[in-house]
Amino acid sequence: MFLEVGADVVGAGIVLGVNAMNVMARIGVADAIARRGLEVATARITDNHAKTLTGLDFRALPRDIGRAVAIHRAALHDAILTGVRPDSIRLDTTVDEVTEHPDRVDARLSDGSTHAFDLVVGADGIRSAVRGMVFGEFPLQYSGYTCWRFVVKANGSDADTWEMWGRGRRFGVVPIGNGLIYCFTTLNAPHNDPGMRDIALDAFKQLFADFRGPVPGVLNALTSSDELIWNDLEEIEVLRWTTGRVALLGDAAHAMTPNMGQGAAMAIEDAIVLAELLTQTSAIADALAQYEQRRRARVTQIQTRSRRIGQVAQWESAPARVVRNLLVSLTPQRVGRRAIEDLARFTP
């Protein structure tokens, strides 16, 4: 039985790249994810008039590279739960205090109970409570652009994934199966601008009124500003990801901009590396040291590359955009294929 996901379900979409899906295959849930989502067939970058600058046909890639799947986040959670014991998850609980000891970690929960663990992993996002309690505070770095995400019902059978680059703004259109389309938008804006957070629907639509292709159709499908999920896009760099019997994972350790679609994938890679090291290494401290050593260089490279792509994609001046679009259009398609192949080479 599948969770029925409609456009009114809280949350938006996500694309799991080939490296993320290969890890999901390793733990036995890739097919469950693929059944609930939609395998990415083609992806293109265009200008705001829908003129293709570059593209990639995923169907033409060697099958051993793997597959990328676009899916609603609620459906992804449902798929992952097929591989998890129901009694292993505790909901409606947060961690209020973490106390380290040489032989254990004590965690006090929001219900007042305290539990002893061999290891605590902070996988609690860019504003990680575990990170703050154990590693201290680290400043978030604003990218310079804000974003809105939303899901609407599909208006046709087009299975292409689009990312459209305009003047200091972008519009992404991603079919995610089950008759739904996930959209993401970006705009150069001041940090934490209440005008962006509380934008009216008509004002939001006007920001992207000069985009063509599939954009007018998906904008027409929006009926309320309540459907928009707003966030400023931020990053963080943490000096250490591990200490004693506590580790950070994913966005808690290295939140990045979404320009390569690799934020979740890096968290998934983190998790499989940490899990396998813990099963292979008797001492937790040794496993954590190896985990950080094996992960940091790859994560830093992708975080940096994603930041640079976003900076270029958000250019505003007309001359800069002409140069940007020309360079993208002249880049051989083999460069994109090689990037996908490099991602797929990941091994825990």
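Run through the DSSP bridge list for the chain and note the antiparallel percent, rounded to the nearest 5.
On the way: 50 of 58 bridges.
Here the antiparallel bridges make up roughly 85 percent for the chain.
Take the Cα radius of gyration of the chain and divide it by 2.2 N^0.38 Å, with N its residue count; two decimals is plenty. Intermediate values should be presented prior to the final figure.
Values: Rg = 20.7 Å, N = 348, 2.2 N^0.38 = 20.3 Å.
Scaled against compact globular proteins, the figure is 1.02.
Over the chain, what is the relative contact order in whole percent, taking alpha-carbon pairs under 8 Å and six or more residues apart? Could you put the intermediate results ahead of the total?
Numbers: 616 pairs, mean separation 77.2, N = 348.
Relative contact order comes out at 22 percent.
Which order do the peptides 310-319, 105-114, 140-149, 241-250 come out in when sorted by mean C-beta neighbours inside 10 angstrom, highest first?
For the peptides 310-319, 105-114, 140-149, 241-250, the packing ranking is 241-250, 140-149, 310-319, 105-114.
Within segment 70-90, whose backbone N sits under 18 Å from a point 7 Å along Cα→Cβ of Asp111?
85-90
Using the basic label-point model (7 angstrom from Cα toward the beta carbon), what is the Asp64 to Arg334 distance in nanometres?
Using points 7 Å along Cα→Cβ, the separation is 2.0 nm.
Rg (Å, one decimal) plus Dmax (Å, integer) for the alpha carbons of segment 30-88?
Rg then Dmax for segment 30-88, in Å: 15.6, 51.
Can you check what the Kirkwood hydrodynamic radius comes to for segment 193-348, Cα pairs only, in Å to one decimal?
Values: mean 1/r = 0.0529 Å⁻¹.
Its Kirkwood hydrodynamic radius stands at 18.9 Å.
Using just the alpha carbons, could you tell me how many Å³ per residue the convex hull of segment 296-344 encloses? Please report the intermediate quantities before stating the final value.
Details: hull volume 3.2 nm³, N = 49.
Dividing the Cα hull volume of segment 296-344 by its residues yields 66 Å³.
Roughly how many Å² is the accessible area per residue of segment 205-348, as a whole number, for a 1.4 Å probe?
On the way: 6900 Å² over 144 residues.
So segment 205-348 comes to 48 Å² accessible per residue, rounded to a whole number.
Leaving out ligands, DNA and RNA, and with a 1.4 Å probe, what % of the accessible surface on the chain is carbon or sulfur?
53 percent
Return the whole-Å distance between the Cα centroid of segment 9-36 and the Cα centroid of segment 175-210.
25 Å
Need the full-extension length gain, Asp198 to Arg296, defined as separation in residues times 0.36 nm minus the C-alpha distance. One decimal, nm.
Difference between extended and current length: 31.6 nm.
State the Kirkwood hydrodynamic radius of segment 157-219 in Å, one decimal place, computed from all pairs of distinct Cα atoms. The partial results should precede the final answer.
Details: mean 1/r = 0.0784 Å⁻¹.
By the Kirkwood definition, the hydrodynamic radius is 12.8 Å.
Label point 7 Å out from Arg35 along Cα-to-Cβ: which residues of segment 68-100 have amide N under 19 Å?
68-86
In the chain, with Lys and Arg counted as +1 and Asp and Glu as -1 at Cβ, which of these residues, Ile45, Asn22, Met266, has the Cα nearest the positive end of the dipole, that is, farthest along it?
The Cα lying farthest towards the positive end belongs to Ile45.
The values are calculated or read from the model by the stated rules, or taken from the named source; none is laboratory data. Everything numeric here is computed off the predicted structure, so don't read it as measured data. FYI the Cβ positions are ideal-geometry reconstructions off the backbone, even for glycines, and counts take in every protein chain you see. What goes into the accessible areas is simple: the full protein's heavy atoms, side chains included, and nothing from ligands, DNA or RNA. Shrake-Rupley method; radii C 1.70, N 1.55, O 1.52, S 1.80 Å.
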